[in-house]
Amino acid sequence: MNHNWILLFLIMTSTVFISGCWNQKELNELAIISAMAIDKNEDGKYVKTIQLVNPVNVAGGLQGGGSGQSPTVTVYTAMGDSVLEAHFHATSKVSRRLYHGHANLIVISEELATEEGIIDILDAFERDPEIRMTSRVVIAHHTKAGDLLKSLTAIDKIPAEKVNGTIHTTERARGESMEVNLQDVVTTLTSAGKETVISGFSLKGDIQQGKKIENIQQSELDTTIESDGLAIFKEGKLVDWYQGEMSRGVVWILDKIQQTDVILDREGQENILTYTVLRQKTRVSADTTNDLPVLTVRVRAEGDIREVRSQIDLTDPYEILDIEKELEKEIKKQLENTVIRTQQNKSDIFGFGEVVRRSDPKKWKKMKNDWNDTYFPNLKVNVKVEAFIRRSGNRTNSYLSDMEQ
Amino acid sequence: MFSFLKRKNQKNDRKIQEINNQNQSNNRPPNLIESSLSKNLEVIKQKTGNSSDIIIRPLKIGHNSQIKIAILYVKGMVDNQSVQDFVIDSIMNNQNLSEKLIPQEVLEILIEDVVAVGGIKVVSDWEKLLTALMSGETITLIDGISKGVCASTQGGQRRSVQESTTDVSIRGSKEAFNESIETNTAMVRRIINNTDLWVESINIGKITKTEVSIMYINGIAKNEIIEEVRKRLKGIDIDGILESGYIEQLIEDQTNTTFPTIYHSERPDTVAGNLLEGKIAIFVNGTPFVLLVPALFIDFFQSAEDYYERFDIATAIRFLRTVIFFISLVGPAIYIAATTFHQEMIPTELAIIIAAQRESVPFPAFIEALIMEITFEILREAGIRMPKAMGSTISIVGALVIGQAAIQAGIVSPAMVIVVSLTAIASFATPSYAVAISARLVRFIFMVSAATFGFYGIILVFIMLIVHLCSLRSFGVPYMSPLAPFIREEAGDTIFRRPIWAYKKRPRLISGQNRVSQGEDQKPQPPRTRIMKNTTNVEKGEPNES
């Protein structure tokens, strides 16, 4: 009996010493980082910007801390020859221990991504046990990455939350941006059959104005940050920006569309009908019988008609079939445009290489090394779209048709 | 210093021994009752120190009242009505006793004809006579006879059968045991009307001579366990038994544990239910708490009501209780671990809110939790001991101190108050107070380990706790059964409660050979025929208008 207890005690004690990283730190001794940004300055040094949460100002109302008096976040900037050095320099500016556990946004500047690429800088993020691999990554478009963190935002008190929320909502409601996290970026960087796509974010207005608390004390903000297109990477370097329908095409082929609108021209009138896709499924398949694989993108979309600006007779099933045909044509056109432009960019962001690998691994091995430059741009891609109109909202025919009679 | 204390103690011990010796030498009566009444009365007076509550009523009966007898009883211990009507009155008014008699005849007449009380016995040695007297029987001594007649006239003021205060249920019998052992055993017998319900009694306690009964259902209870209970009870050699807690502490399997290995209940239906499972009940005179052995860990999470409600509801409630027990065990520990080690596990918004609340708190989370827990324990203890009239004061002071002032003063954070109060409420929601106290103690161990090693520490202590629980036995039965060792057919009555009709067998480790508890096909079913079917009479018959 006694021996067992001693043994148990020893085993338990030993586990204490072999355990991994643990460290006691009270919540109020931490500087909670909500977002990080990486820029590069003229001297070629990395500039790391960290956005720290001021808990009392965020929680508001509690213990007399008003959100009106001081900003919800504080931003510090530090420079260094490497990302980690910049980080160490940042610690000398903050009284508390920098804590990355809740940092869920990493902003990379457009300039850095274009010129140097993102491959070199991500290791520091991936290696740190505190930084989450689920942190969202965005590229600052037309602005410095650091400036994106400095601007205060309305509704969402923490700017990082606003960025994440906006990307999330845009992806769900419009399909024009994509939530990409650190894990995804690293995976696509290392994968031969798929290239990286990262959402862009831009700052509208004057950054000096955006830093001030007065900016969010008005109904219309002078300076805002908003979701702005998709950054297309080739081997870790930013090569192109897609906007609007072009970026939606990427999201669509990647089968991440949850809801989006397609606007249709009809009978010579422009933008006469809006169709909302509510469910869709996109499948990509490869035919590798020939030397050059043939890829087929099959889209099946279901949705409602949500806006009609003419006297289309929606009670007529043939009319509906007709609209469906045109929708299919429109979607097909948009997707094909995206594919063509991407082929010109020579960057397989759709993961077509992966599809080929799955259908014919042997052939893929041969093509792997020249895929982006030789094979991908010359691929024949068929787009087949099926669109279905399920409902037409609360009305069938528009009141416009009643007015004519 | 220590040796001085020791010497003093030794001196005291010696003194006590001397007193005992004196008492024994002076008061030791001859073993047998003498024939002279006056001498006997003298002995009783001397033996009881001429206690004023012992009533000696001398009488003279027989022809010319030449035979002296004496009636003795203890004031308050007897039922005055029956002493008056069935002993004193009967003796004085009996025709047979006024004739010419010799003492031997008086004794016979007394026993056979006169004393109109159910339990009557004749004793000849002092030991038995005095015990009978002290337990509320009425003694009749006759001059010239070296025997005493004991009539059971126990009575006097006892608390009536009332509703249980510690084991309340909404559905089910409302009556609870009281302090009288006769009432208590009778209450169980009223539920189990079976000759196989056996009761054995012994007196425990050198001085108190408390009556202790064990009750079991012959044929269901395991003989080995009954024998073990008997052996352990007989082994008790102690001055006094004041409550069943004394017995519990003297017969439990293992003492170095905070977990109770003997169940106790105030409810006759709970005791009856456990007896039917093959358990053994130990009744102690003077307390409403009846012990039940062997006790399993899961017993402490079950209430009588579980079996009265339908199984789905009972199962849901048992799940809730499991959660409650976990909260009361590790509630503050998880909070401490999450806020001081694993901040990444808290959702961002919540982490920020807690950080904001903690901004002005000067203590680490552990100290903060300790302050709150101890404050709460103080309030709880004060609330129990305080006169009822002061109860409202406690609640006001408690609510203000804990709820308002501590937060406003910035000593604790509001989140901590929520955690501690949730834990406190959870510890009250555990059905058994005994296991709730254990959880209360273990909670502090969890808090310390959480403060030193975070969740890792919580898991370590948790493993130790489980190992400890699995090592416990209650009268030889593994404490964690039927979970560990896992017994599949009985696991349905743990955190689940299967339907009554699925209880085909009694617990294997507790009950004896006879394990079948119900017939086949006890599951109720709708009738085969349609009761609502229209009968021809109703269809054709005209309404009876006459």
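The values are calculated or read from the model by the stated rules, or taken from the named source; none is laboratory data. Model, not experiment: these values are computed from the prediction. Neighbour counts are summed over all protein chains in view; Cβ atoms, including those assigned to glycine, are modelled from backbone coordinates with ideal geometry.
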Could you pull out the residue among B:Ile346, B:Ile353, B:Ile384, B:Ile411 that is touching a His at 6+ places or on another chain (Cβ under 9 Å) and either more than 24 Å from B:Ser449 (Cβ to Cβ) or within 14 Å of chain A (Cβ to nearest Cβ) (or both)? B:Ile346
Candidate set: region B:22-58, residues that are aliphatic (A, V, I, L, M) and at pLDDT below 85; chosen: the one surrounded by the most Cβ atoms within 10 Å (Cβ to Cβ): B:Ile33
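Yes/no matrix, rows are residues, columns are (1) farther than 30 Å from B:Glu227 by Cβ; (2) in contact with a strand residue (DSSP E or B) (Cβ under 7 Å, 6 or more places away or on another chain); (3) at pLDDT 85 or above:
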position: B:Arg488; (1), (2), (3): no, no, yes
position: B:Arg497; (1), (2), (3): yes, no, yes
position: B:Leu509; (1), (2), (3): no, yes, yes
position: B:Gly512; (1), (2), (3): no, yes, no
position: B:Lys523; (1), (2), (3): yes, no, yes
Among the helices (runs of 4 or more DSSP H) contained in region A:315-405, which hold 2 or more residues that are touching a residue at least 24 places away in the same chain (Cβ under 8 Å) and touching a Ser or Thr at 6+ places or on another chain (Cβ under 7 Å)? A:352-359
Before we move on, is B:Ile241 exposed (fewer than 14 other Cβ atoms within 10 Å of the Cβ), part of a loop (DSSP other than H, G, I, E, B) and β-branched (Val, Ile, Thr)? no
The one condition in (1) within 11 Å of chain B (Cβ to nearest Cβ); (2) touching a helix residue (DSSP H, G or I) at 6+ places or on another chain (Cβ under 6 Å) that A:Tyr99 fails to fulfil: (2)
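Could you check region B:401-417 and list, in sequence order, the residues that are without any contact (Cβ under 8 Å) to a residue 40 or more places away in the chain and either touching a helix residue (DSSP H, G or I) at 6+ places or on another chain (Cβ under 9 Å) or surrounded by 14 or more Cβ atoms within 10 Å (Cβ to Cβ) (or both)?
Going residue by residue through region B:401-417, those that are without any contact (Cβ under 8 Å) to a residue 40 or more places away in the chain are B:401-409.
Answer for region B:401-417, where residues must be without any contact (Cβ under 8 Å) to a residue 40 or more places away in the chain and either touching a helix residue (DSSP H, G or I) at 6+ places or on another chain (Cβ under 9 Å) or surrounded by 14 or more Cβ atoms within 10 Å (Cβ to Cβ) (or both): B:Val401, B:Ile402, B:Gly403, B:Ala406, B:Ile407, B:Gln408.
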Would region B:307-314 turn up any residue that is within 14 Å of another protein chain (Cβ to nearest Cβ), free of Cβ contacts under 8 Å to residues at least 24 places away in the same chain, more than 23 Å from A:Asn54 (Cβ to Cβ) and part of a helix (DSSP H, G or I)? no
Among residues of region B:457-484, those that are of a type in the set (Phe, Trp, Tyr) and within 12 Å of chain A (Cβ to nearest Cβ), counted: 1
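In this structure, does A:Val299 turn out to be of a type in the set (A, V, I, L, M), in a strand (DSSP E or B), more than 30 Å from A:Tyr399 (Cα to Cα) and touching a helix residue (DSSP H, G or I) at 6+ places or on another chain (Cβ under 6 Å)? Can you show your working first?
Details: of a type in the set (A, V, I, L, M): yes; in a strand (DSSP E or B): yes; more than 30 Å from A:Tyr399 (Cα to Cα): yes; touching a helix residue (DSSP H, G or I) at 6+ places or on another chain (Cβ under 6 Å): no.
No; evaluated as a whole, the condition is false for this residue.
For the condition out of contact with any Asp or Glu (no Cβ under 9 Å at 6 or more places or on another chain), farther than 22 Å from B:Ala426 by Cα, in a helix (DSSP H, G or I) and modelled with pLDDT under 90, what is the one hit in B:Ala382, B:Ala399, B:Ala389?
Unique residue meeting the criteria: B:Ala389.
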Quick check on region B:185-219: of everything there that is basic (Lys, Arg) and surrounded by 14 or more Cβ atoms within 10 Å (Cβ to Cβ), which residue is modelled with the lowest pLDDT? B:Lys209
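Would you say A:Val83 is away from chain B (no Cβ under 14 Å) and surrounded by 16 or more Cβ atoms within 10 Å (Cβ to Cβ)? If you could, list the steps in order and put the result at the bottom.
On the way: away from chain B (no Cβ under 14 Å): yes; surrounded by 16 or more Cβ atoms within 10 Å (Cβ to Cβ): yes.
Against the criterion (away from chain B (no Cβ under 14 Å) and surrounded by 16 or more Cβ atoms within 10 Å (Cβ to Cβ)), A:Val83 qualifies.
Each row is one residue, and each column tells you yes or no for (1) acidic (Asp, Glu); (2) touching a residue at least 24 places away in the same chain (Cβ under 8 Å); (3) not assigned by TED's automatic domain parsing to the domain that holds B:Ile54.
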| site | (1), (2), (3) |
| --- | --- |
| B:Asn96 | no, no, no |
| B:Glu105 | yes, no, no |
| B:Ile109 | no, no, no |
| B:Glu112 | yes, no, no |
| B:Gly118 | no, yes, no |
| B:Lys121 | no, yes, no |
| B:Ser124 | no, yes, no |
| B:Ala132 | no, no, no |
| B:Ile139 | no, yes, no |
Within region A:153-187, the residues that are more than 16 Å from the chain's Cα centre (by Cα), away from chain B (no Cβ under 14 Å) and surrounded by 23 or more Cβ atoms within 10 Å (Cβ to Cβ) are A:Thr153
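If you check B:Ile324, B:Ile367, which single one turns out to be within 30 Å of B:Phe496 (Cα to Cα) and either surrounded by 14 or more Cβ atoms within 10 Å (Cβ to Cβ) or more than 14 Å from every other protein chain (Cβ to nearest Cβ) (or both)?
Values: B:Ile367 fails: within 30 Å of B:Phe496 (Cα to Cα).
Answer to the selection: B:Ile324.
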A:Gln311 being over 21 Å from the mean Cα position of the chain (by Cα), within 30 Å of A:Gly236 (Cα to Cα), of a type outside the set (Ser, Thr, Tyr) and surrounded by fewer than 19 Cβ atoms within 10 Å (Cβ to Cβ): no
Of all residues in region B:178-225 being touching a residue at least 40 places away in the same chain (Cβ under 8 Å) and in a loop (DSSP other than H, G, I, E, B), which is nearest to B:Ile247 (Cα to Cα)? B:Lys209
